[in-house]
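One structure below.
The values are calculated or read from the model by the stated rules, or taken from the named source; none is laboratory data. Values in this document were obtained by computation on a predicted structure and should not be read as measured data. Here the Cβ positions follow ideal geometry from the backbone for every residue, glycine too, while neighbour counts run over all protein chains shown. Please note that ligands, DNA and RNA were not included when accessible areas were found on the heavy atoms of the full protein model with its side chains. Shrake-Rupley method; radii C 1.70, N 1.55, O 1.52, S 1.80 Å.
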Amino acid sequence: QNEEGWDFVLVSDIHEMGSEKEIKRKKFLDELSKKGFTIKKIEDTKLFYGVRAPQHIFQKYQCFLRNPDRKQQNSSAHQDVPETTRIRIVHFILQNTATSDSEKLHDLMKKKVFEAAFALHKKEEIRDKLKEKWARWRVIFKKQPIEEIRCYFGEKVALYFAWLGWYTYMLVFAALAGLATVAAGTTVFSSSQVSKEICDANNTIMCPLCDQNCSFWVLSDTCTYAKVTHMIDNEATVVFAMFMAIWATVFLELWKRERATVATNWDLYGWDEEEEELALQLINNSQYELQPYKHSYFRSTVVLILALLMIAVLIGIAHALVIYRAVAMALFAQSKVDLLSKHADTIAVMTGAVLHYITIIIMTKVNRHVALFLCELENPRTFSQREKSFTVKIFIFQFFTNFSSLIYIAFFLGRINGHPGNYVRIAGHWRLEECHPSGCITDLFIQMAIIMLLKQTISNVIEYLTPLISHQLRKKHKTPKKRSIILGEEEEAEDPCKRQWLHNYELNEVNVFSLFNEYLEMVIQYSFTTIFVAAFPLAPLLALINNIIEIHLDAIKMMRLHRRMVPRKAKDIGIWLQVLEAIGTLAVIGNGLVIAITSDFIPVQVYKYMYSPCTRENRTGMDCSTGYINNSLSVFRIQDFEPHTKVLPEFNGDQIKECRYRDYRNADDYAYTIQFWHIFAARLAFLILFEHVALCVKLIAAWYIPDVPHKVMNQIRMEKHSNLCTEL
């Protein structure tokens, strides 16, 4: 049975007879033959070795794991195991077969003895179904065929797509809420008193934005920005941030239910990853000795110190971006080009965001190597342990790569830069940048919008085009040579396997990280969608559009451009669930901080209830935030400028004696006013209140929605009961 079904193909260059590589290759193939593998050789521009495992290996597997694939079979005892299980077992044996020099396939591939090893995309009914129902653009809004994905790519890939589909579905609600928030900002809050006052402030002379040759300017110049800022910085944002904290919890709780249903339908409840790995080790080598778990405090300490060093480097990169923006701001402001000098702050933030995106791309590659190196140091015992350890490390590094610059903009920008006459300077020369005159949340909004748009457009295009182009190049590269060989010997009939193997070889290679990369990309996107969402309510909408495309992009890549992934078994998304839960908690803290510290929500409320005209007299028809702008600007006397500051003292023909700047300081000694400390206390109080309420609501939601549906619980109990009755 299954005569022409080859489980795996090994590819090697044609080496000289008797060369070291040829001897090593022969040794490895002999080891496989000893285990009863059938090997078929086809020669082309490369050597192709088809490998088929003997039937007794799969029967052993079925005995070991009490036939965990019984649901996919009939009652016959010697039924074939499913194709996915078959590939998984053969892959494990290939990876763990050692030659007499104790070299495994991994080492031989490093030494270029073998070039590739892959499972085949075969002409199966299920593959055609997937190509028709899944890996094409016209089915973009249809439900994914998860069951078929599982039968072709195994449980791990199927669970990834089930999770991604669920996340995308849940994003619809978050995106609608985000749109509603922006809509409320443009309609209900567009006529706000605060932006009206900024637009009417024709006589409010503001202090210069740089030290050399910068003139004074009028507050009403920032009218447009004030309107945009108020679109995202209003009362609706607080409600939206609260909603997103609850959304993140509900999304994960509902996913746990969804996963429980799927795991039961696939009969995975009794399956254990460790038992599976031990069974495969024993099938591969019946003399296999168990490796005990070890924990070295010394190794852990070294790994911890190195990880902290890496995080320090990533934070250092964020500092470099801060310095870039400060220097760029000074240079743009002095520029002769009118456009640059007028919008110096915005252009500095935008170019800074593009630079940040470039550092993200570069550091992603560096982070991977560092995380792998740290994993090797830790020396985990099993594959699943290694995967967990690697995941946690790379996520932490990626988090700092993506977010350290945003954290600075959100919480430090404009708060550590001093005041006119006493600025904090980089190397005693360049002023630290200030917040945008219309509020600090604008800077965060611009930064997030640019990074998310770049990540989703450029990264997706690269992710799709790279495998497409390399596939086309490999095809071109291979074909002509093949022709020239055939021309001389046309009478020889071509082996039917040859075309199939060549076609699979021309596809892009896949590795252990192929699925991992997809998860990492989505989890970082989830962080953007939840952590600073208060500053960028459109993030869920961008994520939703991206995911709808992403699902089908991944499908097309897997089915048409990449070699077949080795199917792996899994009953959940593994360590990623804990990572997502951690992001959910960070989201509560992050959004609480954005509203308390970055936005002007608290200062406006403090002004309304403590300093506005409403507190002194009862004027019912009056907006209580009247006078807020004038109240939030401090007065600076021109004579107190630092000696090296060159300012043009005239403005529109008037001699200027004093200018205004955003802060709460006295006019005589520039110390903080009592109002500054009132606002500071209110910010802290709001932060504590918001986080406690949000975390309580998260806990209630987690308790309210059971992780496993009762239907599933009952089904498992029934099975246990019937098994025990049979035993009895």
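List of remarks:
- Net lengthening on full extension, N666/L684 (0.36 nm per residue, minus Cα-Cα): 4.2 nm
- Protein accessible area in the chain, 1.4 Å probe - carbon and sulfur %: 61 percent
- Accessible-area ranking of C210, C199, C696, largest first, probe 1.4 Å: C696, C199, C210
- Computed from the C-beta positions of E31 and Y169, the FRET efficiency with R₀ = 56 Å rounds to 0.70.
- Estimated translational diffusion coefficient (Stokes-Einstein, Kirkwood radius over Cα pairs, 10 °C, 1.306 mPa s) of the stretch 8-120: 104 µm² per second.
- Sorted peptide list for 258-267, 634-643, 272-281, criterion being average Cβ within 10 angstrom, highest first: 258-267, 272-281, 634-643
- Charge dipole (the stretch 669-722, unit charges on Cβ, about Cα centre) - positive-most of Q675, M718, I700: M718
- Coil-residue GluC sites (Glu not before Pro) of the stretch 593-698, DSSP, other Cβ within 10 Å capped at 12: E617
- Solvent-accessible surface (1.4 angstrom probe) belonging to S102, in square angstrom, nearest 10: 90 Å²
- Paramagnetic reach from K111 in the stretch 10-31 [backbone N under 17 Å; point 7 Å along Cα→Cβ]: 11-31
- Separation of the T38 and I700 label points, Cα + 7 Å toward Cβ, nm: 6.5 nm
- Distance in nm between pseudo-label sites at K123 and K143 (7 Å out along the Cβ direction from Cα): 3.2 nm
- At the residue level, K60 shows approximately 80 square angstrom of accessible surface with a 1.4 angstrom probe and all protein chains present.
- Sorted peptide list for 315-322, 580-587, criterion being average Cβ within 10 angstrom, highest first: 580-587, 315-322
- Counting 0.36 nm for each residue step from I361 to T615 and taking away their Cα separation leaves a gain of 86.2 nm.
- Between I674 and F513, the simple spin-label model (points 7 angstrom out along Cα→Cβ) gives 6.1 nm.
- 15 Å beta-carbon shell around T401, net charge (K/R +1, D/E -1): +3
- Dividing the helix sum by the residues of the chain, where each DSSP H run of 4 or more adds -39500 (n - 2.57), gives a mean residue ellipticity at 222 nm of -20500 deg cm²/dmol.
- Principal-axis analysis of the Cα atoms of the chain puts helix 576-593 at an angle of about 0° to the longest axis.
- Pairs from the table (K35/K569; K46/K123; K608/K646; K156/K256; K41/K123) lying more than 27 angstrom apart at Cα are K608/K646.
- Positive-end residue, the chain charge dipole about Cα centroid, Cβ charges, pick of H106, L553, P292: H106
- Cross-link pairs beyond the 20 Å C-alpha cut-off, checked among K60/K104; K34/K111; K455/K571; K142/K455; K388/K571; K393/K698: K60/K104; K34/K111; K455/K571; K142/K455; K393/K698
- Solvent-accessible area of V604 with every protein chain in place, 1.4 Å probe, in Å² to the nearest 10: 20 Å²
- Relative to the longest principal axis of the Cα atoms of the chain, the long axis of helix 383-411 lies at roughly 20 degrees.
- Accessible area of the chain divided out per residue, in Å², using a probe of 1.4 angstrom: 48 Å²
- Calculated Rg and Dmax of the Cα atoms in Å (choose from [x] 31.8, 105; [y] 32.5, 112; [z] 28.4, 99), label: [x]
- FRET efficiency estimate (nearest 0.05) - Cβ-Cβ, I426 to S191, R0 35 angstrom: 0.30
- When only the Cβ of Lys, Arg, Asp and Glu is charged (+1, +1, -1, -1), the dipole of the stretch 293-370 relative to its Cα centre reaches about 360 debye.
- Residue ranges 515-527, 669-681 sort as 515-527, 669-681 when ordered by packing (mean number of other C-beta atoms within 10 Å per residue, highest first).
- Extreme residue, positive dipole direction of the stretch 503-646, given options V588, Q639, V510 (C-beta unit charges): V510
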